[in-house]
Structure formats: structure tokens, C-alpha cells
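*Asks:* One structure, pasted below without further comment.
The values are calculated or read from the model by the stated rules, or taken from the named source; none is laboratory data. Keep in mind it's a predicted model, so treat the numbers as computed, not measured. Note: ideal-geometry Cβ built from the backbone for every residue, glycine included; neighbour counts use all protein chains shown.
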Amino acid sequence: MNSYKTIKILDVPVDMVNNQLAMEVFREMMETDGCKLIVTPNSEIVLNATKDLELKRLIEQAGLVIPDGIGLVYASKILGEPLSERVTGVDFLSLILEYLEKTGKSIYLFGSKPANTERASVAELAGAAIKKKHAGLIIGGTRDGYFKKEDEEQIVKEINESGADFLCVALGSPKQEKFIFEHRNKFTNIKVGMGVGGSLDVWAGTAKRAPEFYQKHGLEWLYRFIKEPTRYKRMAQLPLFIIKVIIKGKN
Ligand code: UDP
């Protein structure tokens, strides 16, 4: 068993793991039956969890809660338990892809925009891009993320029939985490399900990750703001989050 500390930020548990430890936990999860959930919350998700009890409960019951985003690094410093290293969802996913390729396990890509007249679905494009880098990786299946509630049983069936071991869900948060959590006991072969936000878009090339300069300085939020100024309302949450952590601390 791996040992790591869990801290509470605004009463939401976050695991104090770096990339290496997170991968060790991931490997263990992949070797045991039953679908486990990995959540990669940023400050916005932690704030949402303080208001959305269903989201909070699923984070509490997740197999691993990886702090993603500079806001949680600041918060951990304020709380006197600084995170040693920031693990971003995207970087962690790269390590996962390497592991899956090496071990011959397969991935299912679920979510993001459907095909249109100009291109295949984002999930399919992401699969093709992954194959370019990891030729040996088995893509069990792909499906876009636009569906009705009544389609969900069919989607679970398709995922099961694909025989995939790892499930990537890109529906935005908290929809993606709720989907995995709600159906976790119906998956027959999936060992780990993880919400991946906009990662399929990044892999597919339909959205670009922030340049290295922004990543290095924890300024990905600034890059996104420059690209999509309409997100300002969501971004205004970061200072609000920090103020709440200063006032309320761990509770
Ligand atoms: N998305 C989806 N179905 C939905 C809503 C969103 O497949 O009902 C996809 C969307 O196309 C995008 C991804 O979810 O590829 C992440 O969306 P967004 O950027 O809004 O989420 P964030 O990661 O910022 O929370």
C-alpha cells in the first residue's frame, strides 16, 4: 500500500501526491478489479464542491484526488502543508498513456464534440493523435460527449463491450465525474475512470495547451483568459477561493 497524506481544503479532501506517487497508486488501481474514480480538482472544482454535496461526496469517495491547478498549490501553502510538486491532469495523463502502452492495456475515449462535415469526432481525432505517439497503445473505442440521459445505459454497454481497462471522460466538470461515479458498479472491465476536461481537445489539436512559459509560471489561467475572455466570471473564482481559504482554512 502507498502512503500519502490527505489534506482538507475548505473541507474537501485532496491527496498530497506528486507525479511519481500518483502513478504508483494508479498502477495498483489498474491491477485490482472494480472501477475506481480519479478526480483532479482545481480551485474552481473545490469551490463548487462546497456548494454541490453530490460532487463533494464523490470526491470523498474517489480512489485518488490529485491537486490540479495553481490555486490548490497556493492554498496548501496558506494551510502550512505545501504540496511538493504540482501534478497537472494533462501531465499525469501522459504518464498514464506510457503505462497503458507498456502493459498492453486499452483506453476508451468518451466525450467532446461529435464529428461534423469537416472533421471526425474530437475523441476519434484524439485517439489518432495518441496512436502517433504511442503506436502500441490499444484504443478500445471512442464516443462523443453529447447525449441524453436515457442514452447512458447504452454508453455504459458500449464501454463494457470495448473491453477497455481505462476510461477517459471529457464532459467538463462535474458532469464527467458524476457520470463515472454513477455508473461505476456497472463497468465490467474498467479499472479506473478519470475526468479529463479539455484534454481530448488538446490531443486532437482542436484546442491548444498554454505555451510552456505560461505553464512554468503557473499562468495557464491567464493564457485561457486571453484566448477566451468570456471565461472571466469563472476565473474571478480564483481570488475568491484564496480569500475563502485564508478565512476558513481547512474547514
Ligand atoms: N463536453 C461534452 N459534453 C457536454 C459538455 C461538454 O462532451 O455536455 C466537452 C466539451 O466539448 C469539451 C470538454 O467537455 O471538450 C470540456 O469542456 P469545458 O472546457 O467546458 O470544461 P472544463 O474542462 O473547462 O470544465
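*Asks:* Out of segment 64-93, which residues are part of a helix (DSSP H, G or I) and surrounded by 17 or more Cβ atoms within 10 Å (Cβ to Cβ)?
*Replies:* Once the filter is applied, which keeps residues that are part of a helix (DSSP H, G or I) and surrounded by 17 or more Cβ atoms within 10 Å (Cβ to Cβ), segment 64-93 yields 70, 71, 72, 73, 74, 75, 76, 89, 90, 92, 93.
*Asks:* Of the residues in segment 137-157, how many are among the charged types (D, E, K, R), closer than 17 Å to residue 189 by Cβ and surrounded by 17 or more Cβ atoms within 10 Å (Cβ to Cβ)?
*Replies:* 1
*Asks:* Looking at segment 43-59 only, could you name the residues that are out of contact with any Phe, Trp or Tyr (no Cβ under 9 Å at 6 or more places or on another chain) and under 26 Å from residue 23 (Cα atoms)?
*Replies:* 45, 49, 55, 56, 59
*Asks:* Kindly state which helices (runs of 4 or more DSSP H) lie completely within segment 97-208 and contain at least 1 residues that are closer than 19 Å to residue 40 by Cα and within 12 Å of the ligand (Cβ to nearest atom).
*Replies:* Details: elements: 122-133, 152-162, 175-183, 199-204.
Ranges flagged: 175-183, 199-204.
*Asks:* Could you grab me the full set of residues in segment 23-44 that are among the acidic types (Asp, Glu) and not in a helix (DSSP H, G or I)?
*Replies:* Quick first cut of segment 23-44, residues among the acidic types (Asp, Glu) only: 24, 28, 31, 33, 44.
Hits for segment 23-44 are 31, 33.
*Asks:* Kindly evaluate residue 106 against the criterion of being at pLDDT 95 or above and at positive phi.
*Replies:* Details: at pLDDT 95 or above: yes; at positive phi: no.
Taking the combined requirement at face value, the residue does not satisfy it.
*Asks:* Report yes if residue 210 is over 22 Å from residue 100 (Cα atoms) and touching a helix residue (DSSP H, G or I) at 6+ places or on another chain (Cβ under 6 Å), otherwise no. Reasoning before the result, please.
*Replies:* On the way: over 22 Å from residue 100 (Cα atoms): yes; touching a helix residue (DSSP H, G or I) at 6+ places or on another chain (Cβ under 6 Å): yes.
Here the answer is yes, as residue 210 does meet what is asked.
*Asks:* Restricting attention to segment 109-136, which residues are over 14 Å from residue 203 (Cβ atoms) and either touching a residue at least 40 places away in the same chain (Cβ under 8 Å) or surrounded by fewer than 14 Cβ atoms within 10 Å (Cβ to Cβ) (or both)?
*Replies:* Within segment 109-136, the subset over 14 Å from residue 203 (Cβ atoms) is 114-118, 135-136.
Selection gives 115, 116, 117, 118, 135, 136.
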